[in-house]
Amino acid sequence: MPGKKISTKEYIRRYVFMFIGSILAAVGLEVFLVPNQIIDGGVIGISIMASHLTGWPLGLFIFILNFPFIYLGYMQIGKNFAVSTLFALTSLSIWVSILLPIPGFTNDVFLAAIFGGIILGIGVGLIIRYGGSLDGTEIVAIILDKRTGFSVGEIIMFFNIFIIGSAGLVFSWDKAMYSLIAYFVAYKLIDITIEGLDESKGVMIVSDHPHEIAEVLMARLGRGVTILHGQGAYTGESKQVLYSVITRLEIAKLKIIIQEIDENAFVTINEVHDVMGGKVKKRAIH
């Protein structure tokens, strides 16, 4: 059975949020980072340095340097991704040019690194969350990940060490260190924007009282629970393993519930980056 097509309303919603994200990213760059000679990682960081050295518009470099990666994204990831990325980059380039005459909001380099990183991170996070990208190095990292033994994160970090280190040669080593702060702040805000403040956690519970725990979790947390059938490797005994997805705020309550029923239960809690389907009506914790 073919998958359900995305509605026109959903498409519009995606592009509206990517448009908002591009505005925020432009504000983070032109109002905070660029006036204080602080760069971001990736192609944007290269564009900031190129603009400083040549005097040409930052928006022009952002668009031109990323354009080859849009083609790579089209070939390796798909048409929708390429179109979304092209839209986001075009919008960012335009807004960077519009905001160029506006003076920097602060001359305090540390504050500029913090708040610039926050605003840039939220903007980039919105664009990634709704299907686009602003950084060609991510696309290269995805391609190299398939051909090397390095992860996408390791490849991106490798690129950014050289890019942010170059800021020390173009500007000053102090600015390079402030750039590292801005990059770290932006990186964390991207994660928060993509995943949300109410982060999801995957929970696996091995207990001698699985049905009792499952019933209480469904009743008191309003969460769906799946029972998986397993076997102890050492004893060979059959085991029933509970799996559920909760929020970060529900972890403490979950532990209390399990302790009340089976204090010897084995529990693992892991990060869940995205959740689709299988929704259960949320009830108040009590």
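Observations on the model:
- Treating r as the C-beta distance of ARG147 and VAL83 and R0 as 25 Å, the FRET efficiency rounds to 0.45.
- For the chain, accessible area per residue (1.4 Å probe, heavy atoms of protein chains only), Å²: 57
- Prolate/oblate/rounded label for region 73-125 (Cα gyration tensor, a/c 1.5): oblate
- For the chain, the longest principal axis of the alpha carbon atoms and the long axis of helix 109-129 meet at an angle near 60°.
- Stretch gain in nm, segment THR90-SER238, where the contour uses 0.36 nm per residue and the Cα spacing is subtracted: 47.6 nm
- For the chain, the longest principal axis of the C-alpha atoms and the axis of helix 8-27 are separated by about 50°.
- Surface composition of region 65-138: carbon plus sulfur atoms contribute 72% of the solvent-accessible area (1.4 Å probe, protein chains only, all chains present).
- Calculated diffusion of region 4-117, Stokes-Einstein form, Kirkwood radius summed over Cα pairs, 4 °C and 1.567 mPa s, µm²/s: 87
- Where the Cα pairs of the chain fall when distances are cut into 10 Å bins, in %: 6, 23, 26, 19, 16, 8, 2, 0
- Degrees separating the helix 251-261 axis from the principal Cα axis of the chain, which is the longest one: 10
- Expected 222 nm ellipticity per residue - DSSP helices of 4 or more, -39500 (n - 2.57), all of the chain, to 500: -19500 deg cm²/dmol
- Net charge, ASP262 excluded, C-beta distance under 15 Å - Lys, Arg +1, Asp, Glu -1: -3
- Nitroxide proxy distance, nm - points 7 Å out along Cα→Cβ at LYS188 and ILE20: 2.3
- Label sites at GLU10 and THR54, each approximated as a point 7 angstrom past Cα along Cα to Cβ, lie 4.0 nm apart.
- Principal axes of region 28-184: Cα extent on each, largest first, Å: 42, 33, 28
The values are calculated or read from the model by the stated rules, or taken from the named source; none is laboratory data. Remember, predicted model here, so these are calculated numbers, not experimental data. All Cβ positions, glycine included, derive from the backbone under ideal geometry; neighbour counts span all protein chains shown. Areas reflect the complete protein model, heavy atoms only, side chains present, ligands, DNA and RNA absent. Shrake-Rupley method; radii C 1.70, N 1.55, O 1.52, S 1.80 Å.
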